[in-house]
1. Tell me yes or no: at least one residue of segment 268-283 is at pLDDT below 95 and touching a strand residue (DSSP E or B) at 6+ places or on another chain (Cβ under 8 Å).
2. Among the residues in segment 213-222, are any within 30 Å of residue 124 (Cα to Cα) and either in contact with a strand residue (DSSP E or B) (Cβ under 6 Å, 6 or more places away or on another chain) or surrounded by 16 or more Cβ atoms within 10 Å (Cβ to Cβ) (or both)?
3. Out of the helices (runs of 4 or more DSSP H) lying entirely within segment 278-385, which hold 1 or more residues that are under 21 Å from the mean Cα position of the chain (by Cα)?
4. Looking at (1) in a strand (DSSP E or B); (2) loosely packed, with under 14 Cβ neighbours inside 10 Å; (3) touching a helix residue (DSSP H, G or I) at 6+ places or on another chain (Cβ under 7 Å), which is the only condition residue 101 fails?
5. Working only within segment 317-331, note down all residues that are out of contact with any strand residue (DSSP E or B) (no Cβ under 7 Å at 6 or more places or on another chain) and either farther than 16 Å from residue 302 by Cα or at pLDDT below 95 (or both).
6. Look at residue 39 and say whether it is in contact with a strand residue (DSSP E or B) (Cβ under 7 Å, 6 or more places away or on another chain), over 21 Å from residue 318 (Cβ atoms), touching a residue at least 40 places away in the same chain (Cβ under 8 Å) and surrounded by fewer than 22 Cβ atoms within 10 Å (Cβ to Cβ).
7. For segment 1-48, which positions are more than 30 Å from residue 256 (Cα to Cα), touching a helix residue (DSSP H, G or I) at 6+ places or on another chain (Cβ under 6 Å) and assigned to a helix (DSSP H, G or I)?
8. So which residues in segment 184-196 are assigned to a strand (DSSP E or B) and buried (at least 19 other Cβ atoms within 10 Å of the Cβ), if there are any at all?
């Protein structure tokens, strides 16, 4: 069996590694000539960590992950701690720890594990078709690939999604803009072993430790889309949006490098239940584009990869049957993750400020039990539990 994989990002390479692990031949086609990850870092929660462990990357992942031992929320004006608690109960409950990692380093680890020489870069898919016993992909440069199964891991702007669904999908603006990047750890801003989040006004500022003595930071602000803002105005924009916020936030703004700070308008896509058509399967953002509000976008793609490989390896009634079993295992799971992230997004970013203020008040009495319980529920829904 040979699988054609469209997309060399987190989902595509996880799928390629998983399929190769199961003895299935793979060809990976990536549209760009050089992958530049969108976003500075990613939080890989234990369900995703277990998938990467299963794929043979346990030790290299541990070297990339930051020492995130505690979680804290702080109020925005004076920086007073609303709640702080250990992540140990979560780790003991689910049997693995979370790892915040720099996206570029995660991407490099996946490329190294799969084999850079085996990835064909600069191959942008134009169209696909199925034929009796296989599937064929045409690329804009004229190249044609044939295989037994095609995995569409070509992201939120997927070219192949309309083929699977039979119609176009619209991306939904989630209502906020996210700025993110990496800075050197400064404990006058936040502790080096803690996920720290300042909240207020429907906005948030968050820092997570990654390897190399760095913080992954992000700022969220509810805004209309399409504003004329880019890297040239980053510090001016953030200084304006976070005027009056606590000193650590001001220090973070003064520290960031605009040239390496990303500005992203956050979108998702209304969940759908059809992830396969014949010999073609959607994986990752092509099948379930989500907001980052529960940190499960990348993890869900890793879960997809493991389930897909298992389905193709363990079922002998044909490719189409195996893909339907993949769909059956994944469709409800990923719909749930998209909707959970959307709900969390609305609370965090002040869609109804009365609800958001109630959340701020709840944080003052939070012991960690409620937050960690919600995380456990999400994590334990993964395929390797």
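The values are calculated or read from the model by the stated rules, or taken from the named source; none is laboratory data. Being a predicted model, the structure only gives us computed values, none of them experimental. Note: ideal-geometry Cβ built from the backbone for every residue, glycine included; neighbour counts use all protein chains shown.
1. Step one: list which residues in segment 268-283 are at pLDDT below 95, which gives none.
Checked against the condition, which is being at pLDDT below 95 and touching a strand residue (DSSP E or B) at 6+ places or on another chain (Cβ under 8 Å), segment 268-283 yields no hits at all.
2. Taking segment 213-222 first, the residues within 30 Å of residue 124 (Cα to Cα) are none.
Checked segment 213-222: no residue is within 30 Å of residue 124 (Cα to Cα) and either in contact with a strand residue (DSSP E or B) (Cβ under 6 Å, 6 or more places away or on another chain) or surrounded by 16 or more Cβ atoms within 10 Å (Cβ to Cβ) (or both).
3. Numbers: elements: 297-314, 319-348, 353-363, 369-379.
In segment 278-385, the matching helices (runs of 4 or more DSSP H) lie at 297-314, 319-348, 369-379.
4. For residue 101, the failing item is (2).
5. To start, the set of residues in segment 317-331 that are out of contact with any strand residue (DSSP E or B) (no Cβ under 7 Å at 6 or more places or on another chain) comprises 317-318, 320-322, 325, 328-331.
317, 318, 320, 321, 322, 325, 328, listed by residue number.
6. Working: in contact with a strand residue (DSSP E or B) (Cβ under 7 Å, 6 or more places away or on another chain): yes; over 21 Å from residue 318 (Cβ atoms): yes; touching a residue at least 40 places away in the same chain (Cβ under 8 Å): yes; surrounded by fewer than 22 Cβ atoms within 10 Å (Cβ to Cβ): yes.
Yes; evaluated as a whole, the condition is true for this residue.
7. 13, 14, 15, 16, 17, 18, 19, 47
8. Residues of segment 184-196 assigned to a strand (DSSP E or B): 184, 194-196.
Selection gives 194, 195, 196.
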